[in-house]
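Undergrad: Sharing a structure here in structure tokens format.
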Amino acid sequence: MGAGPVGLAAAHELVRRGVAVRLIEARGEPVATSRAIATHPRTLELYDQMGLVQAMIKRGQEIRAFTLFQDGRRLARLDADYSTMPTRFPFTLAIEQTATEDVFRGALADLGVPVEWGTRLEHLEQDDEHVAVTLGRPDGSTETLSVPWLVGCDGGHSTVRKILDLPLTGEAQQTWLLADAPMTTDLPPNSIYWVRTRGGTLMAVPLADGRWRLLDTADVDYDGDPDRLADRFARKLSYGIGAAVRIGTPTWVSRFTAQQRMVPAMRVGRCLVAGDAAHVHSPASGQGMNTGIQEAVNLSWKLAMVVDGHARPELLDSYSAERVPVGRALLDSARQATRMIELRSRFTDLALPVIFGVVSRVAPVRRRMQREMLGGMSGLLLSYATGSLSPSGDHGGTGPRPGARVCEVTEADLVDGGWPALLAALRTPRWLLLVAPDTADPGVGETARHAERAHGAWLSVLRVTPDAASADPAVIPDAGGRVGRRLGLAAGGWLLVRPDGYVLARGRSLTREALTGALAPLRLTDTADVTEPASLT
């Protein structure tokens with residue numbers, strides 16, 4: 001339910017895995033305005049796995065810096081430094097939510113999935129096997145159907161959440177004013193701008209078409225005259241940055257009350273929630289849509305395994321177990337970011353120039369601050385290490401730990417065939433078992449072949465070898481040894497990678513016992529019991 005970015009992403013990932021879906025949306029047509037505009041590096045990595053990242057980048061503006069102004073002075077410009085968090089997308093993409101949704105709708109149309117506009121959820125009941133759903137159609141008629149699972153991605157006022165009686169607990173905070181408007185300025189359009197003025201705090205984020213997202217945290221009154229509002233923003237920003245700016249008529253204006261609320265659980269029986277249906281919070285760090293997309297990916301591979309009969313429904317308990325703590329941490333960070341942006345006092349006016357002067361001049365301090373700020377915002381440091389699926393104890397090797405993402409790769413790494421081959425494998429909606437063959441231990445190869453026989457419907461076994469090139473799709477050609485060293489794979493070593501790109505488990509030598517232990521938390525069924533995929537709403 002819901003055809004916003006989270007519902008579209010969930011539908012896309014389920015269909016890519018062969019699950020039939022119906023995509024229901026209460027609105028009669030796509031929205032023409034955007035709330036979410038920031039797409040961070042980890043989400044871009046997930047878009048790459050979906051095959052959509054280049055389409056997204058073409059529609060957006062790359063942001064590679066954060067700049068602070070105070071009362072006409074530039075205090076600091078911090079260029080984004082992801083050197084301690086390797087990624088091929090070391091930037092935030094400013095892309096309007098309308099464009100993000102358009103890319104997803106196009107991809108779903110190619111997969112044969114339309115959005116059912118103007119269709120509302122009126123009632124649902126569930127038992128141990130099905131969810132009975134009543135839908136209101138655009139012509140006033142109703143439709144009753146039974147589906148095996150229902151996913152609610154229907155926003156902050158979620159009907160699904162309300163029917164399930166999931167409490168959205170937390171607090172409401174200050175109201176902010178948002179506007180999208182064309183702006184003429186000498187500010188480079190590759191930075192987010194935090195502008196502190198006598199009248200409060202403003203932010204300005206460049207969009208791809210010459211417009212900017214403008215935010216005022218103090219002067220939030222709006223009388224309905226967009227040109228008068230443009231003049232007010234221009235006056236305050238010109239004073240704040242110490243240079244004249246001109247702002248045209250806004251194309252969109254909204255008063256937004258920042259809230260920090262979330263549900264205690266994201267699954268109730270055969271119904272699940274994601275995105276704003278599960279949590280709402282301040283736009284201060286631009287995390288809402290990104291978190292929802294990550295939830296859609298996390299849920300989709302698990303739900304597909306259950307629908308296809310490869311895993312028992314208990315696997316879905318890990319969705320809530322993994323994502324609720326992420327949502328809780330997000331609320332805390334968004335709350336802190338909101339307070340920091342709004343804070344204006346004589347002490348902070350005096351302290352910030354000193355603090356940011358030190359940050360700008362002292363490299364170790366700057367790198368630490370960047371890692372802390374960028375790490376949380378980018379999603380690159382998100383880990384499921386303490387989740388219910390990740391094992392504890394000694395995992396062997398020096399590469400990524402269970403729960404960490406496997407694609408810690410930069411553009412400079414794409415000099416030979418190894419990393420491109422692994423990234424191509426990650427774009428398939430399957431599990432990956434990466435194995436370094438061991439000529440001294442035939443048991444490693446035998447276990448790999450057993451894994452292919454037993455789990456080949458959803459698992460790809462890839463051999464990381466020193467071959468310079470190979471036409472075999474089951475080989476990662478690693479002539480320079482870069483992939484093996486980065487992943488910590490010695491002879492016989494192995495990594496089991498989830499479909500969302502996170503390491504489930506690893507070990508020094510691949511044995512049946514080790515592989516069975518790694519797969520145990522997935523609650524696998526007998527693969528002979530696989531049935532045809534059922535439809536979802």
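Undergrad: Counting just the residues of the range 235-256 that are among the polar types (S, T, N, Q) and not in a helix (DSSP H, G or I), which one comes out nearest to ARG73 (Cα to Cα)? If you could, list the steps in order and put the result at the bottom.
TA: Of all residues in the range 235-256, those among the polar types (S, T, N, Q) come to 238, 249, 251, 254.
When the remaining residues are screened for being not in a helix (DSSP H, G or I), the result is 249, 251, 254.
Working: THR249: 27, THR251: 29, SER254: 29 Å.
Restricting to residues being among the polar types (S, T, N, Q) and not in a helix (DSSP H, G or I), the top hit is THR249.
Undergrad: Taking into account only those residues within the range 174-221 that are modelled with pLDDT under 90, farther than 16 Å from GLY72 by Cα and β-branched (Val, Ile, Thr), which is surrounded by the most Cβ atoms within 10 Å (Cβ to Cβ)?
TA: THR217
Undergrad: Next question. Which ones in the range 151-173 are outside any loop (DSSP other than H, G, I, E, B) and either among the β-branched types (Val, Ile, Thr) or surrounded by 23 or more Cβ atoms within 10 Å (Cβ to Cβ) (or both)? Give the derivation first.
TA: The first filter runs over the range 151-173 and keeps only residues outside any loop (DSSP other than H, G, I, E, B), leaving 151-152, 159-163, 169-173.
Answer for the range 151-173, where residues must be outside any loop (DSSP other than H, G, I, E, B) and either among the β-branched types (Val, Ile, Thr) or surrounded by 23 or more Cβ atoms within 10 Å (Cβ to Cβ) (or both): VAL151, GLY152, THR159, VAL160, ARG161, ILE163, THR169.
Undergrad: Turning to a different aspect of this structure: For the range 140-150, how many residues are at pLDDT 95 or above, assigned to a loop (DSSP other than H, G, I, E, B) and exposed (fewer than 13 other Cβ atoms within 10 Å of the Cβ)?
TA: Of the residues in that region, 1 qualify.
Undergrad: Let me ask something else about it. Taking TRP301 and the conditions (1) over 16 Å from THR525 (Cα atoms); (2) under 17 Å from the mean Cα position of the chain (by Cα), which numbered condition does it fall short on, given that it satisfies the others?
TA: Here TRP301 meets the rest and fails (1).
Undergrad: Here's a follow-up. Would you mind stating whether ARG405 is of a type in the set (Lys, Arg) and either over 22 Å from GLY286 (Cα atoms) or modelled with pLDDT under 70 (or both)?
TA: No.
Undergrad: Name the pairs: first residue in the range 448-470 and exposed (fewer than 13 other Cβ atoms within 10 Å of the Cβ), second residue assigned to a strand (DSSP E or B), Cβ to Cβ under 6 Å, at least 6 apart or on different chains?
TA: As it stands, the answer is ALA469/PRO477, since those pairs meet every condition given.
Undergrad: For the range 74-100, give me the residue count where each residue is more than 13 Å from TYR193 (Cβ to Cβ) and basic (Lys, Arg).
TA: Of the residues in that region, 1 qualify.
Undergrad: Taking the range 1-57 on its own, how many of its residues are without any contact (Cβ under 8 Å) to a residue 40 or more places away in the chain and of a type in the set (A, V, I, L, M, F, W, C)?
TA: Of the residues in the range 1-57, 2 are without any contact (Cβ under 8 Å) to a residue 40 or more places away in the chain and of a type in the set (A, V, I, L, M, F, W, C).
Undergrad: Also: Within the bounds of the range 58-70, is there any residue that is under 29 Å from ALA3 (Cβ atoms), crowded, with 20+ Cβ neighbours inside 10 Å and free of Cβ contacts under 8 Å to residues at least 40 places away in the same chain?
TA: Looking for residues that are under 29 Å from ALA3 (Cβ atoms), crowded, with 20+ Cβ neighbours inside 10 Å and free of Cβ contacts under 8 Å to residues at least 40 places away in the same chain, one finds none in the range 58-70, hence no.
Undergrad: Would it be correct to say that VAL297 is out of contact with any Gly (no Cβ under 7 Å at 6 or more places or on another chain), among the β-branched types (Val, Ile, Thr) and either closer than 22 Å to THR169 by Cα or not assigned by TED's automatic domain parsing to the domain that holds TRP176 (or both)? Show your work before the answer.
TA: Values: out of contact with any Gly (no Cβ under 7 Å at 6 or more places or on another chain): yes; among the β-branched types (Val, Ile, Thr): yes; either closer than 22 Å to THR169 by Cα or not assigned by TED's automatic domain parsing to the domain that holds TRP176 (or both): yes.
Yes; evaluated as a whole, the condition is true for this residue.
Undergrad: Continuing with this model, one more query. Look at the range 208-226 and say how many of its residues are in contact (Cβ under 8 Å) with a residue 24 or more places away in the chain and more than 17 Å from SER254 (Cα to Cα).
TA: Number satisfying all stated conditions: 2.
Undergrad: Which members of the range 165-184 meet the condition of being more than 12 Å from ARG213 (Cβ to Cβ) and of a type in the set (A, V, I, L, M)? Steps first, please.
TA: As a first pass, look at the range 165-184 and keep what is more than 12 Å from ARG213 (Cβ to Cβ): 165-175, 184.
Of everything in the range 165-184, those that are more than 12 Å from ARG213 (Cβ to Cβ) and of a type in the set (A, V, I, L, M) turn out to be LEU166, LEU168, ALA172.
Undergrad: Looking only at the range 222-247, count how many residues are surrounded by fewer than 21 Cβ atoms within 10 Å (Cβ to Cβ) and either closer than 20 Å to TRP194 by Cα or not small (Gly, Ala, Ser) (or both). Write out each step before concluding.
TA: Initial filter on the range 222-247 (surrounded by fewer than 21 Cβ atoms within 10 Å (Cβ to Cβ)): 222-228, 231-232, 234-235, 238-239, 242-246.
Subsequent filtering for residues that are either closer than 20 Å to TRP194 by Cα or not small (Gly, Ala, Ser) (or both) retains 222-223, 225-228, 231-232, 234-235, 238-239, 242-246.
Residues flagged as surrounded by fewer than 21 Cβ atoms within 10 Å (Cβ to Cβ) and either closer than 20 Å to TRP194 by Cα or not small (Gly, Ala, Ser) (or both) within the range 222-247 amount to 17.
The values are calculated or read from the model by the stated rules, or taken from the named source; none is laboratory data. Predicted, not measured: the structure shown is a model, and the values here were computed from it. With ideal geometry, Cβ positions are generated from the backbone for all residues, glycine too; neighbour counts draw on all protein chains shown.
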